[in-house]
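Structure first, commentary second.
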């Protein structure tokens, strides 16, 4: 992280308990603009819960979350989203019966909702149509704009979900396993898409594909049982004996 | 342009037929059609919830019945009320109850939402059923139909069946047009998004509760319009208007006509009422016509089994069936 560059998202002491289980325990995390920050860990390490806590989908038990310098710890998920926090889901979450374009236009509409205007057609809304077109261009889906979203291939749906986030003009992107279930070619396309999104965004990437993670990440945080055991540059994390023992060792023997 | 023309053809043909209908007939059929158009308004109001927003309510008759009772109870005992304040007042009562029910019921989802809306409707039902407020189980009569008076001039006489018919038709067209425009607006697209994937809507930055609440209240208000009209038409209200049978019947109209399309709601109301009329026909069914609910129920089960998208989906179903049988012909 460049020194003096204030993080767009900052979590301190983030903790989430479900009854007796501490899914996320005292996590400190900074996401800076222009960086992909990967969070890795075994199944059940608390990565998805961390994303849910940061995005406001579930309440935080203790600790604080700051977005663009504002304390958003008590903010609802929609309010955080409007303040610049976009997220994708592990299971593809799109509007399957809408066109690709309308998927992006509808999410873009969240930036300026005007719900009292009941007489103008949404398709004539200048802001959301512009944002949708930009998002489709940026994610390489412009050619599929008129297709029905539910009929896209799996890889295209994952791309669309990211386009839908981008259309809301977020500053921070929390991506939950965007590569899950993808073939080699689709993975390549997604990785170049993610690298292209670094500009103007701070990206948190939860991912199981270790090769991909080490290729695109600028920083890696390793979680075990809800707690962070290491957080550093990829080369340092790879060399960390504790990480090798706890996580990488199990995978790369 | 062609798509627009195709979308407007069916409603325009129906409006044309309904406009011409009083020229061809009077008496029973005119009154019957007035009643069915009122039911169509009622079904359209529920379509806003069920079809457009994905909120299945089983308590929609409460708003219909409350507006009907309000119409009668707010009218002076000796003399006619003016429509220009009675209509907003009746709709307002329904909307107010919808505002209250929505605030609580929309915190639940799925089957819980169905049960909570049902519970609130039954609550309203028993208030009228068990108290003297509206004459208890016997119901209460409306002594004078409201007058349409503007600046001292009597515009029309709703007591004449043909005038009342056109008044209801105007209401039906207005409600249909309002909803058609609304569903294409930004607000309407948010409702469609909530129906499709509420989680994604919240993640994009939409606080979904106020949207659902507004839709629920509007649906209650429009059901109130139907209740107002039916109270004037019959000149009589009773607690059965609020019962769950009525809520179920209007839901069946949507299922029969096809959900997700406004025309489906109108078509469903007509089909339901005509089927009911048909099975009550003694000439055809003799004594068995007393058991018309049995035949109606059976018919609806068959319809649901063979027309999963309702009557409005039949043309598409027919095209798909043809395309499967003869791929070449369908393409040419």
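The table that follows gives values for the structure above.
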| quantity | calculated |
| --- | --- |
| Members of the stretch B:193-212 that are more than 8 Å from every other protein chain (Cβ to nearest Cβ) and within 25 Å of the chain's Cα centre (by Cα) | B:194, B:195, B:209, B:212 |
| Cβ pairs under 7 Å, 6+ apart, first in the stretch B:123-135 and at pLDDT 90 or above, second part of a loop (DSSP other than H, G, I, E, B) and surrounded by fewer than 18 Cβ atoms within 10 Å (Cβ to Cβ) | B:127/B:133 |
| The lone exception for residue B:209 - which of (1) surrounded by 14 or more Cβ atoms within 10 Å (Cβ to Cβ); (2) in contact with a helix residue (DSSP H, G or I) (Cβ under 8 Å, 6 or more places away or on another chain); (3) assigned to a helix (DSSP H, G or I) it fails | (2) |
| Residue within the stretch B:197-217 that is in contact with a strand residue (DSSP E or B) (Cβ under 6 Å, 6 or more places away or on another chain) and either at pLDDT 95 or above or more than 20 Å from residue B:103 (Cα to Cα) (or both) present | yes |
| For residue A:86: the one exception among (1) surrounded by 18 or more Cβ atoms within 10 Å (Cβ to Cβ); (2) outside any loop (DSSP other than H, G, I, E, B); (3) out of contact with any helix residue (DSSP H, G or I) (no Cβ under 7 Å at 6 or more places or on another chain) | (3) |
| When residues of the stretch A:82-100 are limited to those that are within 19 Å of residue A:175 (Cα to Cα) and touching a strand residue (DSSP E or B) at 6+ places or on another chain (Cβ under 8 Å), the one nearest to the other protein chains (Cβ to nearest Cβ) | A:87 |
| Which numbered condition residue A:42 misses (of (1) closer than 30 Å to residue A:146 by Cβ; (2) more than 8 Å from every other protein chain (Cβ to nearest Cβ); (3) touching a helix residue (DSSP H, G or I) at 6+ places or on another chain (Cβ under 8 Å)) | (1) |
| Qualifying residues in the stretch A:60-81 (those that are surrounded by fewer than 17 Cβ atoms within 10 Å (Cβ to Cβ), touching a residue at least 12 places away in the same chain (Cβ under 8 Å) and part of a loop (DSSP other than H, G, I, E, B)) - the one farthest from the other protein chains (Cβ to nearest Cβ) | A:61 |
| Residue in the stretch A:96-105 that is touching a helix residue (DSSP H, G or I) at 6+ places or on another chain (Cβ under 8 Å), more than 25 Å from residue B:207 (Cβ to Cβ) and in a helix (DSSP H, G or I) present | yes |
| Complete set of residues in the stretch B:54-72 that are surrounded by 24 or more Cβ atoms within 10 Å (Cβ to Cβ) and either out of contact with any strand residue (DSSP E or B) (no Cβ under 8 Å at 6 or more places or on another chain) or assigned to a loop (DSSP other than H, G, I, E, B) (or both) | B:55, B:57, B:59, B:60, B:61, B:62, B:63, B:64, B:66, B:67, B:70 |
| Residue match in the stretch A:48-57 (condition: closer than 30 Å to residue A:225 by Cα and part of a loop (DSSP other than H, G, I, E, B)) | yes |
| Filtered residues of the stretch A:112-123 (kept if part of a helix (DSSP H, G or I) and more than 7 Å from chain B (Cβ to nearest Cβ)) | A:123 |
| Test set (1) buried (at least 24 other Cβ atoms within 10 Å of the Cβ); (2) within 7 Å of another protein chain (Cβ to nearest Cβ) - residue A:103 fails condition number | (2) |
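The values are calculated or read from the model by the stated rules, or taken from the named source; none is laboratory data. Computed from a predicted structure; not experimentally measured. Methodologically, a virtual Cβ is constructed for each residue, glycine included, from the backbone with ideal geometry; neighbour enumeration extends over all protein chains shown.
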